[in-house]
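First comes the structure, then the notes that go with it.
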Amino acid sequence: MAAVDAFDRALVAGLLRVQPARAADLTVLARAVAGSPLAARVAEAAEKAAAGAASEEHFTALAAARTALLSAAHDALTVRLDETSGRTRGEPTAAAPADGRAPNLLQAARTWLADLARTGWQGIDHELVGAAAPIVSAMLPDPALRRLATLLDGFAAELAASCPGTAVERFPARRWADLWARALLLTRSGATGPAATGTATGRLLPLGVDLHEHATAVQAQVHAVYEPADGATPRLVRASVSVPKPDTVVAAGVWQLLRPRLSLLAALGEGRAMDLTDMPLTEEGDLLWDDERARTGEPADPFATARVALPTATAATTAPLDRHPARLAEPVFLEGYGTRRDGDTLTFALPGHSLAVDTDRVPAAGPLTPDAVAASSACIGLLRWDDGRFRLQPLAVETTVRRKTVAVQAGAWAGGTTDKAGAKAEKAATDAVTVLRERAGRLLRK
């Protein structure tokens with residue numbers, strides 16, 4: 001991580017006129033991969049970059065070295081997590097090569113990313129950042145390029161919000177370097193190919209939903225245990241849906257945008273399993289959801305699933321470019337812990353160690369609250385790596401209300417709700433969407 005930070009400092013200043021201290025940072029990165037197959041290429045790239053003479057190929061080598069180091073950190077953390085939980089994990093297979101379509105657009109993206117590296121975050125301006133717009137517009141119609149186009153679009157928006165770079169006191173150096181390196185590698189032919197896909201036939205037992213909300217988009221990712229019909233070992237899987245949204249639709253209102261595109265959300269809200277028939281399933285554990293291949297099954301309590309099925313489920317492997325500490329999100333079940341609050345910081349006290357709870361990740365689109373988490377006796381959550389330590393993101397908890405144990409889920413309103421707060425938020429969102437549709441209709445008629 002020290003080598004990654006060293007390279008990130010060099011990107012802040014830019015790689016066109018490299019100062020001695022930043023040249024030393026590039027050397028640190030090269031030394032960190034000296035024992036790997038990348039050694040010769042990265043050593044040459046670091047030397048060229050230090051001299052201000054790096055080409056796009058050299059920048060790609062530096063991005064690959066940085067990505068490899070973060071992949072190694074991801075793998076070490078995964079091993080630690082598996083040893084602690086006793087979880088087994090699948091073995092990866094080689095990815096199929098991409099077909100190399102639209103080489104001119106990929107080249108244009110590489111050129112823009114190389115210009116960013118030469119300029120550095122301190123030198124960005126609206127003219128440089130705005131050069132990404134036509135590239136993104138040309139990429140978006142092609143589904144094969146949409147992943148890269150979306151990344152470039154979001155990256156450029158973040159950069160534009162900080163222009164000019166000369167006026168910024170502190171840069172999100174690691175985040176921007178992550179986005180830069182990932183985008184640069186995605187421009188290479190063969191970086192991503194078709195996902196190795198099989199099919200899933202059996203029972204799907206939801207554990208909880210992780211909601212990612214931004215001003216103009218929202219994603220729901222359901223974590224679940226898949227029990228194959230043939231009696232094979234259960235697997236940890238995910239099913240995701242992403243949709244654009246107006247920035248006025250917030251909190252529980254987002255469910256009405258997501259619900260029509262993923263029937264699994266209704267089953268989750270009702271506490272039911274789903275029966276799958278030939279549902280596409282990638283090697284990485286992602287269900288490519290098709291409502292025609294799923295039907296609602298019998299009642300399934302997430303906490304019963306967490307106690308009985310989760311301990312025996314095999315975790316999926318991680319695709320090479322997705323191996324990054326920030327991508328860790330492992331479903332775990334905890335109970336019998338104590339809780340401790342220090343201001344806004346909540347900690348679960350477990351035998352032999354403590355675990356910080358990331359209550360900031362609890363979405364406003366459900367009844368789960370930090371107070372409910374603090375009063376809980378059992379928790380289903382995602383174990384994440386954040387700023388040098390593991391933290392727990394709660395998905396659902398068991399707590400005591402009027403001497404009865406009740407379950408509170410972050411996704412309880414996913415399939416609809418009669419809860420007063422949830423119904424009020426959905427109504428407000430419905431009104432906002434209706435107004436926006438009327439305005440859009442007027443504009444189109446004009």
Q. Out of the residues in segment 329-353 that are surrounded by 13 or more Cβ atoms within 10 Å (Cβ to Cβ) and among the hydroxyl-bearing types (Ser, Thr, Tyr), which is nearest to the chain's Cα centre (by Cα)?
A. Thr347
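When the residues of segment 400-418 are filtered to those that are of a type outside the set (Gly, Ala, Ser) and within 20 Å of Asp210 (Cα to Cα), which remaining residue is modelled with the lowest pLDDT?
Looking at the filtered set, the residue picked out is Thr417.
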**Q.** Residue satisfying all of: in segment 148-171; closer than 23 Å to Asp387 by Cβ and without any contact (Cβ under 8 Å) to a residue 12 or more places away in the chain; surrounded by the most Cβ atoms within 10 Å (Cβ to Cβ) among these
**A.** Ala161
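Quick grid of which residues meet (1) touching a residue at least 12 places away in the same chain (Cβ under 8 Å); (2) under 26 Å from Glu330 (Cβ atoms); (3) crowded, with 19+ Cβ neighbours inside 10 Å:
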site: Leu262; (1), (2), (3): yes, yes, yes
site: Ala267; (1), (2), (3): yes, yes, yes
site: Gly271; (1), (2), (3): yes, yes, no
site: Asp278; (1), (2), (3): yes, no, no
site: Glu283; (1), (2), (3): yes, yes, no
site: Leu288; (1), (2), (3): yes, yes, no
site: Gly297; (1), (2), (3): yes, yes, no
site: Phe303; (1), (2), (3): yes, yes, yes
Q: Would you check which residues across segment 247-260 are surrounded by 18 or more Cβ atoms within 10 Å (Cβ to Cβ) and either assigned to a loop (DSSP other than H, G, I, E, B) or not assigned by TED's automatic domain parsing to the domain that holds Gln219 (or both) and list them?
A: Val249, Val250
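Can you tell which of Ala239, Ala217 is farther than 30 Å from Val435 by Cβ and touching a strand residue (DSSP E or B) at 6+ places or on another chain (Cβ under 9 Å)? Even if it seems obvious, please write down each step before you answer.
Values: Ala217 fails: farther than 30 Å from Val435 by Cβ.
Every option except Ala239 fails the conditions.
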Q. Wholly within segment 333-440, which strands (runs of 3 or more DSSP E) include no fewer than the required count, namely at least 3 residues that are over 24 Å from Leu77 (Cα atoms) and not hydrophobic (A, V, I, L, M, F, W, C)?
A. 338-342, 389-401, 404-409
Q: Output yes when any residue across segment 217-228 is out of contact with any helix residue (DSSP H, G or I) (no Cβ under 8 Å at 6 or more places or on another chain) and exposed (fewer than 14 other Cβ atoms within 10 Å of the Cβ), and no when none is.
A: no
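Select, from Arg9, Arg17, Arg66, the only residue that is closer than 25 Å to Gly165 by Cα and crowded, with 21+ Cβ neighbours inside 10 Å. Spell out how you get there, then give the answer.
Values: Arg9 fails: crowded, with 21+ Cβ neighbours inside 10 Å; Arg17 fails: crowded, with 21+ Cβ neighbours inside 10 Å.
Checking each option against the conditions leaves just Arg66.
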Q: Check Thr248, Thr199, Thr233 and return the single one that is of a type in the set (S, T, N, Q) and under 20 Å from Val308 (Cβ atoms).
A: Thr233
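The values are calculated or read from the model by the stated rules, or taken from the named source; none is laboratory data. From a predicted model like this one, the values you see are computed outputs, not experimental measurements. Here Cβ is always computed from backbone atoms with ideal geometry, including for glycine, and neighbour counts include all displayed protein chains.
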